[in-house]
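See below for the structure under consideration.
Here, each number is a calculation from the coordinates, and none is a lab measurement. Bear in mind that the values here come from a model prediction, so they are computed numbers and not experimental data. Cβ placement follows ideal geometry from the backbone for every residue including glycine, while neighbour counts extend to all protein chains displayed.
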Amino acid sequence: MDKQFNIIIAGGKTGGHLFPGIAIAQALERSHPDVGILFVGTTAPFETQTLEKYGYAHKGILSKPIKGGSLPKKMVSISLLLISLIQSLVIILRQKPDFVLGVGGFSSFTVVLAAWILGIPSAIQEQNAIPGLTNRLLSKFTQTIFTAFKETKGFVNNPKVIYVGNPVRKTDPMASGSRLNLTQFNPDKFTLLITGGSQGAGSINMAVMDALALMDPADTLNIIHQTGITDESVVQKQYDDLKVPATVNAFFHDMPRLLDMADLAITRAGAGTISELCIKGLPAILVPFPHAADDHQTVNAKALENQGAAVMIKDNELTGQRLKETLDGLIGNKTRLAHMAEMLQHLAMTDADERIAAHILKQGIKA
């Protein structure tokens, strides 16, 4: 298997779509000595900067989501589809990929559709129990559907489905051997990791600060807080005002290492996050994003809570007092935390990236 193998991975913009694609790209590189990988997606700074950090080539295309928004905005999005399709066809004809993989997000639609038009093997990877509109549409055109949930809505009994779990990236290769600059980190203290995902979550940030104001965390907790770009300076000032040492950043690129260091997370309930928590066995307080398509994050969180693997607080019920009470019930309860960790690891599927990579190589080379 020494022939050059080219693949296009389409989609992104948010970490929930982008990081599974990166995990699959890493697995392909481990499996094939000469693989060429091109990501095609949006020109959003998070997407382009993240892929640059991981060392992957990237091309942006014009695309906007059709679902939601006003009628004029939908019309603009639809008109851009033709432009986006032409761009995708040109990229594929130049790149000559052996395989095209869509990882979700509106920018993946015309790329996978162009692969279908040109007769190139393709697949989509669906992270959630309730598929997004893009993957629902693409399921008609692609040969394979990789799912993270055994009973993904709309895909049950579909012969194209291969149930593999969610791919989880390995530690950032650019961060290997580097030292995280953590503020007054004490390995003997309980470590709390707070993150609202790649774009942050204002409701989580606010509730955490309100909860900490009711507690005395300075002597008992290490706090690592990913705020998102909007709230970074405000949250840092609140920690300073409370005289609570904390490591605060808009975004951490080496989240896998932070998950290894943490004892408890407060986070959203995206499918990628759920998979990372399961693989790491990290107990969590899950606050589903209330505006996620078809409320799929609540479905994700409820599935873990029903297994005793996590605690769910709905976004509209999240207050400082409620969060403080939940933290008080977990931080000092080693038995419950150990049980949550055990249940998470029972749910983990650790080889999704390898299984998807193996299928891609087999189908692409066969073609």
>> Can you tell me how the chain classifies by the Cα gyration tensor, rounded, prolate or oblate, using a/c under 1.5 as the rounded cut?
In response: prolate
> What's the local net charge at residue 342, with K and R +1, D and E -1, over the other residues with C-beta under 13 Å away?
Replying inline: +3
>> Helix 271-280 against the longest principal axis of the chain: what's the angle in degrees, Cα atoms only, rounded to the nearest 10?
In response: 60
> Taking R0 as 22 Å, what's the FRET efficiency between residue 94 and residue 170 from their Cβ-Cβ distance, rounded to 0.05?
Replying inline: 0.15
>> Below 8 Å, C-alpha to C-alpha, sequence gap of six or more: please give me the relative contact order for the chain in percent.
In response: 17
> Taking the mean number of other Cβ atoms within 10 Å as a proxy for protection, how do you rank 79-85, 299-305, 96-102 from highest to lowest?
Replying inline: 96-102, 299-305, 79-85
> What shape does segment 174-347 take by its C-alpha gyration tensor, where a ≥ b ≥ c are the square roots of the eigenvalues and a/c under 1.5 counts as rounded, a/b above b/c as prolate, and the rest as oblate?
Replying inline: rounded
> Rounded to the nearest 20 Debye, what is the dipole magnitude of the chain about its Cα centre when Lys and Arg each give +1 and Asp and Glu each give -1 at the C-beta?
Replying inline: 1340
>> Rounding to the nearest 10 and keeping the result within 0 to 90°, find how far the Cα-based axis of helix 45-54 lies from the longest principal axis of the chain.
In response: 80
> Which of 3/96; 13/59; 96/140 have a Cα-Cα distance over 20 Å?
Replying inline: 96/140
> What spacing in nm lies between the two simple spin-label points modelled at residue 220 and residue 307, each 7 Å away from Cα in the Cβ direction?
Replying inline: 2.9
>> Along the charge dipole of segment 174-347, pointing to its positive end and built from +1/-1 on Cβ of Lys, Arg, Asp and Glu, which listed residue (312, 220, 278) has its Cα farthest out?
In response: 278
> Any idea what angle helix 320-331 forms with the longest principal axis of the chain, computed on alpha-carbon atoms, 0 to 90 degrees, nearest 10?
Replying inline: 90
>> Highest mean first, how do 328-334, 111-117, 358-364 rank when packing is the count of other Cβ atoms within 10 Å averaged over residues?
In response: 111-117, 358-364, 328-334
> What is segment 210-367's relative contact order, in percent, from Cα pairs under 8 angstrom and six or more apart in sequence?
Replying inline: 22
> For residue 250, what is the net charge nearby, where nearby means another residue's Cβ is under 12 Å from its Cβ and Lys, Arg count +1, Asp, Glu -1?
Replying inline: -2
